[in-house]
1. What are the pairs with Cβ atoms under 6 angstrom where one residue, in the stretch B:174-188, is without any contact (Cβ under 8 Å) to a residue 40 or more places away in the chain and the other, located anywhere, is among the small types (Gly, Ala, Ser)? Sequence gap at least six, or different chains.
2. Which condition does A:Asn170 not pass, out of (1) touching a residue at least 60 places away in the same chain (Cβ under 8 Å); (2) closer than 28 Å to A:Gly71 by Cβ, if it passes all the others?
3. Restricting the search to the stretch A:4-40, which residues are in a helix (DSSP H, G or I) and of a type in the set (Lys, Arg)?
4. Can you name the residue in the stretch B:41-58 that is part of a strand (DSSP E or B) and of a type outside the set (Val, Ile, Thr) and, of all such residues, is surrounded by the fewest Cβ atoms within 10 Å (Cβ to Cβ)?
5. Hey, can you tell me all the residues within the stretch A:63-91 that are part of a helix (DSSP H, G or I) and touching a residue at least 60 places away in the same chain (Cβ under 8 Å)?
6. Say we look at the stretch A:142-160 and pick out the residues that are touching a residue at least 12 places away in the same chain (Cβ under 8 Å) and acidic (Asp, Glu); which of these is surrounded by the most Cβ atoms within 10 Å (Cβ to Cβ)?
7. In the stretch B:92-151, what count of residues is obtained for those that are of a type in the set (A, V, I, L, M, F, W, C) and part of a helix (DSSP H, G or I)?
8. Go through (1) within 23 Å of B:Thr185 (Cβ to Cβ); (2) surrounded by 19 or more Cβ atoms within 10 Å (Cβ to Cβ); (3) of a type in the set (Gly, Ala, Ser) one by one and return the number of the condition A:Gly108 breaks.
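Read-outs throughout are calculated quantities, based only on the coordinates presented, and are distinct from any laboratory measurement. The shown structure was predicted, so the numbers you read here are calculated from the model rather than taken from an experiment. All Cβ positions, glycine included, derive from the backbone under ideal geometry; neighbour counts span all protein chains shown.
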Number of protein chains: 2
Amino acid sequence: MSIAGEGLLVVVSGPSGAGKGTICKRLLETKEDLVVSVSNTTRLPREGEVHSKNYFFISRDEFQDMIKKDGFIEYAQVYGNYYGTPRKFVEENIQQGRDVLLEIDIQGALQVKEKYKEGVFVFILPPSMEELKSRITKRGTENEKEILHRFESAYREINYVSRYNYFIINDRVDTAVDKLSSIITAEKCRVDRFKMKLIGQ
Amino acid sequence: MSIAGEGLLVVVSGPSGAGKGTICKRLLETKEDLVVSVSNTTRLPREGEVHSKNYFFISRDEFQDMIKKDGFIEYAQVYGNYYGTPRKFVEENIQQGRDVLLEIDIQGALQVKEKYKEGVFVFILPPSMEELKSRITKRGTENEKEILHRFESAYREINYVSRYNYFIINDRVDTAVDKLSSIITAEKCRVDRFKMKLIGQ
């Protein structure tokens, strides 16, 4: 499917603990014309998480049924749970000219990139690996094994930055949000994007 | 010369009357880390123009001497007068990590693009051709023949937008300044630019 000429698909990704969730939350508060895609997952809700706001919490059977029906633009199994981005919401909003924000992990972002080359892929980096470790630990929702798992995985994942269009080092949340907002504004001024629109690709 | 990894070279261009001067002036007021390159010209000062602020007003002999010494990163003869961007100021500032803003005409911008591919080329468009005509006329510093000349030239020049990285339709100055500012912020987050920095190209 082509999305040129319509809304932007903005994919914000990066290792666990880099702070992408906070940045996206703050960006959404300032940008009215941006809608967020809520993922489906089979994992259990963490404390405070709300169905249809943080995730759609669904069963494995429901998830696997949606996979069969090509209902996801990306999905992955992470730490034994499924996570996926429903295709319908994303495509409908983009076609109606709205920018859609996806906050997803790196595996998912790379899947999306194969299908939606016109997407804007932004990689959030922690200011340092020490800081990353501290953030993952402080979250306090996982056991030690899960924490170590996440940290090792984050360490490897940082290399994927080269597959993205933009990177943001999240040393200050305000600055990081401002950069993400600027990236969206600037992308709408790109001549290449406008050319795609003209020739309808 | 390579400028990757140093300051950005931001080239703002577009047809006469599109409003690039006003946008650049306003941007400079808000961005402290941006320096503007002041051009040399052999034309006479317009009322209110100040030597070394608007232009360095120099003689034809001086100008031609600088051409021979490769002292310009671009120069052109427009309506019988020379205009040129001194090389030294631009390269020194960029090497010292400062962003340099060039507000130049389209001929000049295309010359700069051949040498400085890493530059950020932004094309300012008038909201409509009617508005463009009105702006050129209102400026009131030229005679009728010059006005017609400028309008015809502007009309042809708009096609050059395809050679630029970004375009901004100048329907509201505030919005246009914000877009230009966002483009500069976003360019500093580009992974490709960071890669150039790493490999030193």
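1. B:Ser182/A:Ser182; B:Ser182/A:Ala186; B:Thr185/A:Ser182; B:Ala186/A:Ser182; B:Ala186/A:Ala186
2. Single failed check for A:Asn170: (2).
3. A:Lys20, A:Lys25, A:Arg26 - these are the residues of the stretch A:4-40 that are in a helix (DSSP H, G or I) and of a type in the set (Lys, Arg).
4. It comes out as B:His51.
5. Correct list: A:Val90, A:Glu91.
6. A:Glu157
7. Total satisfying the criteria: 11.
8. (1)
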